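This report refers to the structure that appears directly beneath it.
The values are calculated or read from the model by the stated rules, or taken from the named source; none is laboratory data. It should be emphasised that the depicted structure is a prediction, and the values quoted were computed from it without experimental measurement. Cβ placement follows ideal geometry from the backbone for every residue including glycine, while neighbour counts extend to all protein chains displayed.
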Amino acid sequence: MNISSKIIFYGSSLILVILSVAGIDKKIRDNKILLKLSLVTFLFGSMSFLIKNEETADVISFMFGPFIYIISYSLFRQLYKGIYDVEPTYTWLTAYDWEELRQVNVFDKLVHVLPLLLGFFLPLFIG
């Protein structure tokens, strides 16, 4: 892995982690923000077609990781809201959210963890 491949891989991973922390911190609960982020992350992933060469071919699919995260988070969030009629919440290592005054169930945590895992591992199968 050369330096440009490392920059692509670590840069995409950093963006993915930043987005997941924003999701956990309840910063991306608005549909308009999610739509804008999906467009930006799609354009970021589309840039991979412009910079693809022999040196970066093995990691170029990781540029779609943030887009995969945003799309899957949006879908899981809408599914959760449809079932429970509340926003999914995530609190670190507790079973009760003191801001929303309710119990945190396993599906609350899955809404935040599954998109992160998909964003990291799905590009391995795409590329």
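Return yes or no: is residue 2 over 11 Å from the mean Cα position of the chain (by Cα), surrounded by fewer than 17 Cβ atoms within 10 Å (Cβ to Cβ) and at pLDDT below 85? For residue 2, the condition - over 11 Å from the mean Cα position of the chain (by Cα), surrounded by fewer than 17 Cβ atoms within 10 Å (Cβ to Cβ) and at pLDDT below 85 - is met. When the helices (runs of 4 or more DSSP H) confined to segment 9-127 are screened for residues that are exposed (fewer than 12 other Cβ atoms within 10 Å of the Cβ) and at pLDDT below 85, those reaching at least 2 such residues are found at 31-51. Criterion applied to 72, 5 was being closer than 17 Å to residue 120 by Cβ, touching a Pro at 6+ places or on another chain (Cβ under 9 Å) and either among the polar types (S, T, N, Q) or free of Cβ contacts under 8 Å to residues at least 24 places away in the same chain (or both), and the one residue passing it is 72. Residue pairs whose Cβ atoms lie under 7 Å apart, separated by 6 or more positions or on different chains, with the first residue in segment 102-127 and over 23 Å from residue 59 (Cβ atoms) and without any contact (Cβ under 8 Å) to a residue 24 or more places away in the chain and the second surrounded by 15 or more Cβ atoms within 10 Å (Cβ to Cβ) and of a type in the set (Asp, Glu), are 104/97.
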